[in-house]
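Reading through the structure tokens given below for one structure.
The values are calculated or read from the model by the stated rules, or taken from the named source; none is laboratory data. Remember, predicted model here, so these are calculated numbers, not experimental data. Reconstructed Cβ throughout: ideal geometry from the backbone, glycine too, with neighbour counts over all protein chains shown.
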Amino acid sequence: MAKSSGKILTVFLTIIAILLVSMMVLCLFFWQKEIEKRKLTEKLLLKSHASELKQEEDGRDLRKQIEVLQSKLKEADDSLNGVREDLDVKIAVNQKLKEESDKLNAELSSMKQNNKSLQDKLDKQIADTEQKVRDLNAQIDQEKSAKREIELKLKETETKARDLEKKLAAAAAPQPVEGVVPAENIVPAATTAKPRVNLDKIIVNPANIPEGRIVSVDKDTEFVIIDLGQKDGVVTGMDFSVYRGKEYLGDIRVTRVQTKMSAADLIPPLSSSQARQNDQVVVKK
């Protein structure tokens, strides 16, 4: 009985020892697993910490990039605002330039119309002036022709007078005869003086004669044509002073008068090289 109890106890102790050994092995196994798990956890924690540090560093870089981008965005906004302001200014300037251009175009169109009207008036005045010049030239030609005819007649008269004087000088005086009056006592008919008729001098008031102008200068015969005549109170022998602006040039003397114009000789030192068309003529007081 005691032996069986010892065997049982031995078996029991053996079983307990086996269980203890098994438990120790299991504890060692689990402890080893726990160590490995802890190491793995530490590794994971280190990796997680490193990842957090990297994420923090990436976050800082990202924040820096965001700050840089925000700064650039602000600069872009400022530049865009400046561009918008410049664009607004340019638009306002362009609008003002367009208004000024429209105004200038309107003024230019008005000036063109005025110029056309003035050109038409000027053409008409030029045509009228040319016609007047042609009429004056025709009258001057008539005056020149009349003057040439008078000069020819004057030459013929002078020639006849010289021939008559030669004939009288060549005639011999007859010898005195009783009852005949000597030749020296005979009064030639040519020396018989005719009674002079005194006419009243025509007086013209110079104040009533308007200011005129020279319309033509004849350099060959040294005389001028003025646009004043009988209708203005001009008479033959009247003197006029010639001016160019305020400059006094000299005097002229009327030799022939018509209704609307007169011919006048230049009184030296005034000459045809000095007198010009459109010079002013004022009656000399």
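No other residue among Ile126, Ile140 is in contact (Cβ under 8 Å) with a residue 24 or more places away in the chain, assigned to a helix (DSSP H, G or I) and either surrounded by fewer than 10 Cβ atoms within 10 Å (Cβ to Cβ) or of a type outside the set (Ser, Thr, Tyr) (or both) apart from Ile140.
One line per residue, one yes/no per condition, for (1) of a type in the set (A, V, I, L, M); (2) surrounded by 10 or more Cβ atoms within 10 Å (Cβ to Cβ); (3) at pLDDT 85 or above:
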residue	(1), (2), (3)
Lys72	no, yes, yes
Ile91	yes, yes, yes
Lys96	no, yes, yes
Glu99	no, yes, yes
Met111	yes, yes, yes
Lys116	no, yes, no
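Of all the criteria given as (1) outside any loop (DSSP other than H, G, I, E, B); (2) at pLDDT 55 or above, the one not satisfied by Lys167 is (2).
In the range 241-285, counting only strands (runs of 3 or more DSSP E) that sit wholly within it, the ones holding 1 or more residues that are small (Gly, Ala, Ser) and either in contact with a strand residue (DSSP E or B) (Cβ under 7 Å, 6 or more places away or on another chain) or surrounded by 13 or more Cβ atoms within 10 Å (Cβ to Cβ) (or both) span 247-257, 262-267.
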